[in-house]
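Worksheet: one structure, shown below.
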Amino acid sequence: MRRLVFCGLTFAMFAGAADLAGTWQNEQQGRGGQINVTTCVFKVDGNRITGTYATTQRAFDIENGAVDGATFTFQTSDGFQTPPRVIEYKGTLNGDQFELTTVMPAGAPARAGRGPQGPRTFKRISADVVFHPGPELTRTHQPFPPFQPIVPNGFAKTPPMGWNSWNKFAERVDDKSVREMADAIVSSGMRDAGYIYVNIDDTWEGKRDKDGNITSNQKFPDMKALADYVHSKGLKIGIYSSPGRKTCAGFEASYGHEQQDANTWAAWGFDYLKYDWCSATAVYRPDEMKSAYQKMANALRATGRPFIYSLCQYGLLSVGEWGAAAGGNLWRTTGDISDNWRSMSSIGFDQQTGREVYAGPGHWNDPDMLEIGNGGMTTTEYRTHMSLWSMLAAPLLAGHDVRTMPDFTRDILLNAEVIAIDQDPAGIQGTRVRKDGPDGATLEVWKRPLAKGVAVGLFNRGPENAQMTVKWSEVGVTSANPKVRDLWAHRDIANAATEYTVNVPSHGVVMLRVE
Ligand code: GLA
């Protein structure tokens, strides 16, 4: 009897291992009604599983795969994250189908749809043990030569300033709204305050014509005429694409058409490109990312037209270390900002630390566009947003409806004394000097060395108003009895020879220039 059970188990192990080999699929309806297909291709060698785990966006090599009777485990590793993010899978085989459970790594963000996944049922579709990528995942580019830094293009000596359509309009942006925004940027005084770039974000794209040239969709009947109009206002105009096949919003992107697209944008008269990684993960490996960005930098330069080049890949793979060498004038450092205190303060205060070494004239960290005027924060919080971005030497790309800008928004975005900090010619990104306070380190003192003097930010992230003191010696002010200017109150401060004490409102800021 004992012997029989033993034989039976051995047989089950063997049968389980052999049965797993092949191609399996799971189909699930996505939130947009689309069908998301996940494919597992398993090759089994003894107890070892190798092969591919693929979604419609991305194919992963199976790592550490092992089968034990009817159960099996494997891992995938996302090399775009630093350190690589490992996800574990556990499966149970049952005839011509298996149940697969995903175990998300500890500390993974609990975003909707990203939590631990319940079991998914995969059905065998063939005995094929070789993965055949669909058109979305097929790589068609030549291998890149070894990466070599390219010389700076010489633009963006101070952080770019302007407006971008995404935060307010997303897919509703069209020709009319861009023209009206250009008008309002002039009439509101934004242009004269330095907000020069009018940037169209995602969703302008149409199909390619028979020669492969990108066209705009019906929302944008004539891109050249639009660019001419924006230029006629003394402004410049920006456009958006992705190194992948599709943009983040699912529109046609530049993979395999890099030079052709750069030529088209140059012929239309564009001056700025935001190049957003998105689906490029499907066609490039992590070690190819910087070359994929540089490819577009070279394509833009080959047009002979001056372009500001904005990298948008959410700070992956320590972009600060190579963003400038890839030809970027700015690079996003984080995921997308939202119009609320939590998002803005987390990005601005917590997620920029250590990146200051990469910023300087011509190449800037980009903590994402401004939400000022979009309604999700208080005036005090928006003032903090503007102050913090200026301390960070961040690009100032407004993202609100300029046509209906109330005075309290205008007073924030057009504060020339704060803009002057952002645009300081020395181009040194500011840093936190210390944080302390009653409520778990909510009072932050920041400094930014300027061409002349030092900018000081006293930020109160706590729920109560608080008194804060800064000593000039701790922010690098060397002059005796310096001139002190409050940049929001627009007044000089007397009697602050060695230090200054002031009340700072909850979620607010006192911003100083000390010379
Ligand atoms: C990404 C970017 C955003 C915006 C959208 C457009 O999420 O990070 O800034 O460009 O894509 O689809």
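The values are calculated or read from the model by the stated rules, or taken from the named source; none is laboratory data. Computed from a prediction, not measured in an experiment: that's the story for all the values here. No Cβ is skipped: glycine too gets one built from the backbone with ideal geometry, and neighbour counts run over all protein chains shown. Heavy atoms of the whole protein, side chains included, go into the accessibility calculation; ligands, DNA and RNA do not. Shrake-Rupley method; radii C 1.70, N 1.55, O 1.52, S 1.80 Å.
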**OP:** Hand me the trypsin sites (Lys or Arg not before Pro) from the stretch 166-248 located in a DSSP loop with no more than 11 other Cβ atoms within 10 Å, in residue order please.
**Re:** LYS210
Original post:
Size of the dipole of the chain about the Cα centre, Lys and Arg at +1 and Asp and Glu at -1 on the beta carbon, nothing else charged, in debye to 20?
Top reply: 480 debye
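Using helices alone, what [θ] at 222 nm do you get for the chain, with -39,500 (n - 2.57) per DSSP H run of 4 or more residues, divided over all residues and rounded to the nearest 500?
Using -39500 (n - 2.57) per qualifying helix, the result is -6000 deg cm²/dmol.
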Subject >> Where Rh is the Kirkwood radius over Cα pairs, Rg/Rh for the stretch 180-244 >> reply: 1.05
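Per residue, how much space in cubic angstrom lies within the convex hull of the C-alpha atoms of the stretch 341-477?
In the stretch 341-477, the Cα convex hull volume per residue is 112 Å³.
Compute the orientation-averaged projected area for the stretch 53-207 from the convex hull of its Cα atoms and round it to one decimal in nm².
Hull-based average projected area comes out at 15.9 nm².
Tell me, what is the percent relative contact order of the chain, built from C-alpha pairs under 8 Å that lie six or more residues apart?
In percent, rounded to a whole number, it is 10.
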**OP:** Equivalent ellipsoid semi-axes for the stretch 357-436, as square roots of 5 times the alpha carbon gyration tensor eigenvalues: give them largest first, rounded to whole Å.
**Re:** 23, 14, 11
**OP:** Would you rank HIS132, HIS141, HIS490 by solvent-accessible area, highest first, keeping every protein chain in place and using a 1.4 Å probe?
**Re:** HIS132, HIS490, HIS141
Original post:
Hey, got the dipole for the stretch 352-485? About the Cα centre, +1 on K and R Cβ, -1 on D and E Cβ, debye to the nearest 20?
Top reply: 480 debye
Original post:
Probe 1.4 Å, all protein chains in place: accessible area of PHE131 in Å², nearest 10?
Top reply: 50 Å²
Subject >> Positive dipole terminus of the stretch 272-361, leading residue within TYR314, ILE337, SER279 (C-beta point charges) >> reply: SER279
Original post:
In vacuo Debye scattering of the stretch 246-389, one point per C-alpha: log10 I(q)/I(0) at q = 0.09, 0.14, 0.15 Å⁻¹?
Top reply: -0.31, -0.72, -0.81
**OP:** Name the residues whose placed amide hydrogens come within less than 5 Å of the amide hydrogen of THR56, ignoring near sequence neighbours (fewer than 5 apart) on the same chain.
**Re:** VAL37
Original post:
With N residues in the stretch 167-314, what two-decimal value do you get for its Cα radius of gyration over 2.2 N^0.38 Å?
Top reply: 1.02
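Leaving out ligands and nucleic acids, note down the accessible area per residue over the chain with a 1.4 angstrom probe, in whole Å². Before the final figure, lay out each step's value.
Working: 22680 Å² over 515 residues.
On a per-residue basis, 44 Å².
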Original post:
At a 1.4 Å probe radius, carbon and sulfur cover how many percent of the accessible area of the stretch 132-180?
Top reply: 60 percent
**OP:** Please list the equivalent ellipsoid semi-axes of the chain, computed as the square roots of five times the alpha-carbon gyration tensor eigenvalues, in descending order and whole angstrom.
**Re:** 48, 30, 20
**OP:** May I ask which residue of ASN36, PHE349, PRO135 lies farthest towards the positive end of the charge dipole of the chain, with charges of +1 (Lys, Arg) and -1 (Asp, Glu) on Cβ and the Cα centre as origin?
**Re:** PRO135
Subject >> Size of the stretch 270-340 as Cα extents on the principal axes (Å, biggest first) >> reply: 38, 31, 22
Original post:
What span do the alpha-carbon atoms of the stretch 304-408 cover on each of the three principal axes, reported in whole Å from largest to smallest?
Top reply: 40, 34, 20
